[in-house]
Amino acid sequence: MAYDAIETPFGKTEKIIGGSAVYVAYAASNFVQPINQVSIIGYDFEKKELESLKERGVSLEGVEVVSDKKSFFWSGKYYLDMNSRDTLVTDLNVLADFNPVVPDRYQGSEFVMLGNLAPRTQINVIEQLKERPKLIAMDTMNFWMETAMDDLKIVLKMVDVLLINDSEARQLSGEYSLVKAAKAVMKMGPRYLIIKKGEHGALLFHNDNVFFAPALPLESVFDPTGAGDTFAGGFMGYLAKTKDISFENMKTAIIFGSALASFCVEKFGTERLKEISHADIDDRVKQFVDLVNFDIALV
């Protein structure tokens with residue numbers, strides 16, 4: 001839960017609401033409620049944003065408020081292709097001392113999404129859970145591969161699903177081929193691997209099974225910030241709603257996650273996610289189905 005300041009070729013914002021937990025919550029709340037949030041914020045986090053989350057069925061019991069420090073702040077600038085960006089400012093603020101505590105009321109949560117934090121922090125959260133959830137998914141990044149690989153190897157053995165992008169998959173595995181990379185990463189622990197390829201879609205791996213979900217071609221991409229977290233929230237939210245963690249159902253969950261992510265990029269921050277309805281989501285999913293559906297006669 002954070003504040004971002006974003007500049008793209010199509011506009012610029014001052015401080016707006018952001019953070020992976022916020023994007024995940026907004027996406028997942030379309031499918032299941034309550035969303036049990038564990039995070040940390042400072043005194044500057046606006047009450048109207050907290051109320052907006054509560055209205056979406058997000059429980060903030062696990063959100064620590066630090067009265068004398070500011071919330072995490074990130075500022076970035078994107079370039080025309082939207083795949084490359086420069087980080088201008090990273091102020092950890094309250095996040096520097098984050099020691100997450102899982103409230104008793106959150107115990108028994110069946111689906112857990114671990115945001116992109118230090119692997120040791122992710123391990124800490126899992127170890128607080130008294131019952132093994134039905135599914136644990138996690139995000140990570142190249143920074144942790146370079147600075148905390150020992151802890152990362154531990155947490156990978158504790159989760160079911162890993163979400164990373166293609167360059168991170170190659171770095172983690174040491175393999176260039178994404179198929180070889182996926183097999184190497186799954187040997188490290190996670191039974192399922194999702195490799196995100198941005199505007200080129202996403203790949204789902206499980207054992208020898210592979211599924212590819214395209215990204216929807218969009219006329220306007222204003223801000224890609226939070227798209228990956230929105231994808232994760234849609235994916236996990238759909239699984240939590242259906243309570244089916246088979247490979248076949250995960251294929252559908254990836255389409256729903258991709259649909260939510262396609263909304264996210266249409267406006268800055270969480271603005272578009274606050275507007276969409278269930279009908280909007282269904283229409284967008286139908287567009288994904290139409291995109292890949294075809295008849296062919298074998299000769």
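You will find that of Leu88, Leu60, Leu50, the residue that is in a strand (DSSP E or B) and at pLDDT 95 or above is Leu60 and no other. Out of the residues in the range 9-35 meeting the condition of being in contact with a Lys or Arg (Cβ under 8 Å, 6 or more places away or on another chain) and surrounded by fewer than 24 Cβ atoms within 10 Å (Cβ to Cβ), tell me which one is nearest to Lys77 (Cα to Cα). So, considering only residues that are in contact with a Lys or Arg (Cβ under 8 Å, 6 or more places away or on another chain) and surrounded by fewer than 24 Cβ atoms within 10 Å (Cβ to Cβ), the one nearest to Lys77 (Cα to Cα) is Ser29.
Within the range 251-259, identify whether any single residue is within 17 Å of the chain's Cα centre (by Cα), of a type in the set (D, E, K, R) and either surrounded by fewer than 24 Cβ atoms within 10 Å (Cβ to Cβ) or farther than 20 Å from Gln33 by Cα (or both), and answer yes or no. Checked against the condition, which is being within 17 Å of the chain's Cα centre (by Cα), of a type in the set (D, E, K, R) and either surrounded by fewer than 24 Cβ atoms within 10 Å (Cβ to Cβ) or farther than 20 Å from Gln33 by Cα (or both), the range 251-259 yields at least one hit. Restricting attention to the range 154-165, the residues being within 18 Å of the chain's Cα centre (by Cα), outside any loop (DSSP other than H, G, I, E, B) and at pLDDT 95 or above number 6. Total residues in the range 277-299 satisfying the condition of being more than 23 Å from Tyr192 (Cα to Cα), in contact (Cβ under 8 Å) with a residue 24 or more places away in the chain and surrounded by 12 or more Cβ atoms within 10 Å (Cβ to Cβ): the figure is 4.
Here Tyr78 clears all of (1) buried (at least 19 other Cβ atoms within 10 Å of the Cβ); (2) in contact with a Gly (Cβ under 7 Å, 6 or more places away or on another chain); (3) closer than 15 Å to Ala5 by Cα except the condition numbered (2).
The values are calculated or read from the model by the stated rules, or taken from the named source; none is laboratory data. This structure is a prediction, so every number in the text was calculated from the model and none was measured. In this analysis, Cβ positions are derived from the backbone assuming ideal geometry, glycine residues included, and neighbour counts consider all displayed protein chains.
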